[in-house]
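Scroll down for the structure; my scribbles are underneath it.
The values are calculated or read from the model by the stated rules, or taken from the named source; none is laboratory data. What you see is a predicted model; the values in this text were computed from it and never measured. Glycine gets a Cβ as well: all are built from the backbone with ideal geometry, and neighbour counts include every protein chain shown.
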């Protein structure tokens, strides 16, 4: 799998986009592949969209996303060939006080979030359950904050397969940073999407920012896409 990163934002420089791409690429190889026991996708920065190989997955960094509610950070769409494309909007987090490369809610951590979830579940179709609720495979959502740094660039924490296993031993590592202690739990800065009795629900941590909560139900937000899967 190839995940191509394109920078089409006036708020993020090409150098910054390359720097965050390198950090996310290292995270996928050194952390995600180990935790999920998967072959790591290649994550590469392209300055020319025409150079992206056919069939590659990708994420574009933009300022804002046209024709969606203000503040939506991103969404995925599927091409006829089965490739997935995501978009990360930089203006909303920057307007809320976040940075491009460092700290919680940074543009780099949002890019990391999208790349990791694209690698884990490209079609947004997998759910895991505990007998009462079914939880979607959005591996970064429950632990969206705090983030951590690789080479001075903030990347997203993420949950491990044990998080989706109701029988996982108590000593399991439920997220990469080891902050959670049981399956289907979330940090104060995280949220989850789950289904119960035929209905979709969202649950937010006590420190999940209001500006993030407002954008989660946008028409093309991943929450909306997940909630409206056939």
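Cβ-Cβ distances below 8 Å connect the following pairs, each with a first residue in the range 160-186 that is at positive phi and free of Cβ contacts under 8 Å to residues at least 60 places away in the same chain, a second residue that is part of a loop (DSSP other than H, G, I, E, B) and surrounded by 12 or more Cβ atoms within 10 Å (Cβ to Cβ), and a separation of six or more residues or different chains: 184/130; 184/133; 184/166. Only one entry in 213, 199 is in contact with a strand residue (DSSP E or B) (Cβ under 9 Å, 6 or more places away or on another chain) and surrounded by fewer than 17 Cβ atoms within 10 Å (Cβ to Cβ), namely 213. Keeping to the range 1-50, report how many residues are buried (at least 17 other Cβ atoms within 10 Å of the Cβ) and in a loop (DSSP other than H, G, I, E, B). Result for the range 1-50: 6. Within the range 212-225, not a single residue is out of contact with any helix residue (DSSP H, G or I) (no Cβ under 6 Å at 6 or more places or on another chain), closer than 27 Å to residue 106 by Cα and at pLDDT 85 or above. The single residue among 114, 99, 138 that is over 13 Å from the mean Cα position of the chain (by Cα), under 25 Å from residue 63 (Cβ atoms) and either crowded, with 23+ Cβ neighbours inside 10 Å or at pLDDT 95 or above (or both) turns out to be 99.
A single member of 127, 176, 163 is over 21 Å from residue 27 (Cα atoms) and within 17 Å of the chain's Cα centre (by Cα), and it is 127. Please state which one of 147, 159 is surrounded by 19 or more Cβ atoms within 10 Å (Cβ to Cβ) and closer than 15 Å to residue 193 by Cα. One residue alone meets the criteria, 159.
Taking residue 59, is it under 25 Å from residue 159 (Cα atoms) and out of contact with any strand residue (DSSP E or B) (no Cβ under 9 Å at 6 or more places or on another chain)? Judged against the criteria, residue 59 is not a match.
The test for being assigned to a helix (DSSP H, G or I) and modelled with pLDDT of 90 or more does not hold for residue 61.
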